[in-house]
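Worksheet: the structure to be examined is printed underneath.
Throughout, read-outs are computed from the coordinates displayed, never taken from laboratory work. The structure displayed is predicted, hence computed values, not measured ones. Glycine also receives a Cβ, built like all others from the backbone with ideal geometry; neighbour counts cover every protein chain displayed.
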Amino acid sequence: MLAKVLVAYSTVVTTLLAAYTLAGYGASSQFVQLAGVQDSKNHIVGLTLSETEPTGNRRRLFIGHDKEGIASVSLMDRNGRQRIVLQVAPDGTPGMSFLDADGNVVNQLGPTRSQ
């Protein structure tokens, strides 16, 4: 199952990388990393797209899920800080968060609870 998930993520990121390259950014400074960790403390399955800079690598995109089963797509700014996070909880509840440069949620979209 993990292999099928990683292949699906790989296809998505390959498509995103192709679009990124076609947009004129060039692919010579990007790399794609498949992540699959499952042990007693960690469970992360995902794919990252990072850029290499003279000062280090910066993650720009993460697609995956965590041990709670929350699927997410995170977009980072050029400094590697999360700025937009799309999530779907295991029960199917979707959400979208916009973060400032310090990681604080400044706006959030999602279903409202009925009272």
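Rounded to whole numbers, the Karplus 3J(HN,Hα) couplings from phi for the range 100-105 are 7, 5, 8, x, 7, 6 Hz, using 6.51 cos²θ - 1.76 cosθ + 1.60 with θ = phi - 60°, and x at Gly and Pro.
Projected label points at residue 58 and residue 106, each 7 Å from Cα along the beta carbon direction, are separated by 1.7 nanometres.
How high is the FRET efficiency from residue 70 to residue 29, r the C-beta distance, R0 25 Å, rounded to 0.05? After rounding, the FRET efficiency stands at 0.25. Highest mean packing first, where packing is the average number of other Cβ atoms within 10 Å per residue, the peptides 72-85, 90-103 line up as 72-85, 90-103.
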